[in-house]
1. Any idea what angle helix 112-127 forms with the longest principal axis of the chain, computed on alpha-carbon atoms, 0 to 90 degrees, nearest 10?
2. Mind sorting 394, 424 by how few other Cβ atoms lie within 10 Å of their own Cβ, fewest first?
3. So for each of 378-388, 456-466 I average, over its residues, the number of other beta carbons within 10 Å; can you give me the resulting order with the highest mean first?
4. How would you classify region 3-67 from its alpha-carbon gyration tensor, with a ≥ b ≥ c the square roots of the eigenvalues: rounded for a/c under 1.5, else prolate if a/b is greater than b/c, otherwise oblate?
5. Apply 1/(1 + (r/R0)^6) to the Cβ-Cβ distance of residue 23 and residue 176, taking R0 = 60 Å, and write down the FRET efficiency to the nearest 0.05.
6. Residue separation times 0.36 nm, minus the C-alpha to C-alpha distance between residue 277 and residue 342: what's the value?
7. Hey, rough spin-label estimate for residue 147 and residue 328, points 7 angstrom out along Cα→Cβ, what's it come to in nanometres?
8. Would you mind ranking 322, 131 so that the residue whose beta carbon has the fewest other beta carbons within 10 Å leads the list?
C-alpha cells in the first residue's frame, strides 16, 4: 500500500487542538490505516490505494474529524453554477489526451506548509491513481497571471518558458533534455503534435510534462486554476470533484469552469449528489450485528455520509470526494468499519459432515513429505515451455516417440507471442535441470523436486497428469543414489515398484532404468547424459527421476 508522508505541524493544525499523537495513531488504526512513523517533522501513514482522498492532509483530517464526530460537514456543493470562464478543446487533442476538467479557486490563504502539502498531494495522486500521469495529470496555476479564454489542444512544436527555467524551450527539447520529459514523455504519442493549455499570452502548460514559469504558484497566490487531463472523461471529472472538496475544506471559494468540446459542453467540477439506498435488514445481515437504523445513521455520519431512514431503507448521500464507492457493498463495509470490527463476534460455520482429504491428495502429501525428508527442496515452475527446452536440450529427437503413447501429442499454444512459450510441458525434468543450471554457482549438493502437472494430448483431448520429479547435482551423484530415492518412495507410498533396464536419450546409456507398476511403466531414473548437462550449463554430475502418479491413484 502507498505510504503517504505528511508535514506533522500542518496535519496536527487541521485536527482538534487537544488531539495527541497517541490518539492520532489510535483513531487512524480504527479507520483502517496504520501510522508507520512519527518524528518531530513528519508523520507517515500507510493508506490503501482505493482512498486517494486521504493522500491529502486536508482529506485525512476531514476523515478523522468525521470519525470522531467532530465535524458536521457532509455535503460539498457549489451554489453559484455560473462558470468563472471557459476552456475550448480543439479537435487535434482527441487522439493524444482527449479529456480535461478544471477548477477555479478564489480567496486562498497559503502558508509555506499548506502549499507544499497541496503540491505533494497532487504529485502523489498523479503517481498512484493517475498511473504516473498516464491516466490522470494535474496542473496548478496562479489564476492572477492568466487571461481567459483558454484553449486546450495538440499543437505543433513551439517554445515557452517552463517551470524552474530562465529561458524558453520547445516542446520537443523539453522531452529530450529535462528529467520530467524523460520520465513522463511516454504518456503522449501525438506524432509531431503536443498537448498544451494556452491563454491569450501563450502556453500555460505542456501537458502532462511541465507548467510554465509565468503561472508559478507561490504562498502569495490568492486564486488558482487547477486543470485535470487524462484519457478517460469519468476519471478526469471525478478527480475534479475530489480536488474541489479539498479546496472547499481549505476555505476557498470554488467556482466551476465551462469545458467546450466539439459538439458538447460540460461544466466542472460537477460536485453532484449520488445516493445509495440499502434495506436496514440487509445491512445488518451483511455485518452480522443488530445495529438499528438510528445507530447506522450515526455510523454513516462517522464515515462522512449524510443518511436518513426512508421507509424501510436507509438512504446514503455519497460524498463527491469518495471515488472508491461503487455500490451498496462499499457503504456496508464503511458502516462495519465505523461500528468496529473488534465488536463483531465471529459466528462458527456449521458443517453437515466432516471433511477429509481425498485419496489423490493424501498420496501427493505423502510423496512431498518423503522428498523433503530425504533432503530435497521443493520448487514450483510454470507449466509453459518450448520445444527446445522440453525436447531438444533433453536430447529428445522424436517427440512422438518420446511420449510413447498411442496417437499421443503435446499441447501447442495457438498464436504464441514469444518463442520461449510455445507449448505445455510434457514432463518436469527439463524445468528442474533449468533451475540447477541457473543456480550452478551455488553450494553443492543441490537436490530439488517438483510435484505438479504435466500435459499431453490423446485422441485430440488434453490430458493432465500429476508427476513427481527430482534431481540431485553432486560430484558423488550416481545411479545407485537416485535408485535409493525410488526405493524410499516405494516404501513410503506402500507400492511394489519393479525396476527394469531402459534406455532414454536424456540419460547415460546403461545407467538408466524404468519404473514398473503392475506391468505398466510409470517412470524412469538414472544419470543425466553429459550433453544434456552441457545444454543446461550444469557442470556437476546429476542423477534424476520422474514418476507419473496418475496410475497409482485417482480421485
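Coordinate-derived values only; no laboratory data. Note that this is a predicted model, so its numbers are computed, not measured. Note: ideal-geometry Cβ built from the backbone for every residue, glycine included; neighbour counts use all protein chains shown.
1. 40
2. 424, 394
3. Sorting 378-388, 456-466 by mean packing, highest first, produces 378-388, 456-466.
4. rounded
5. 0.70
6. Net length gain for the segment: 20.8 nm.
7. Roughly 5.7 nm, to one decimal.
8. With the sparsest Cβ surroundings first, the list reads 131, 322.
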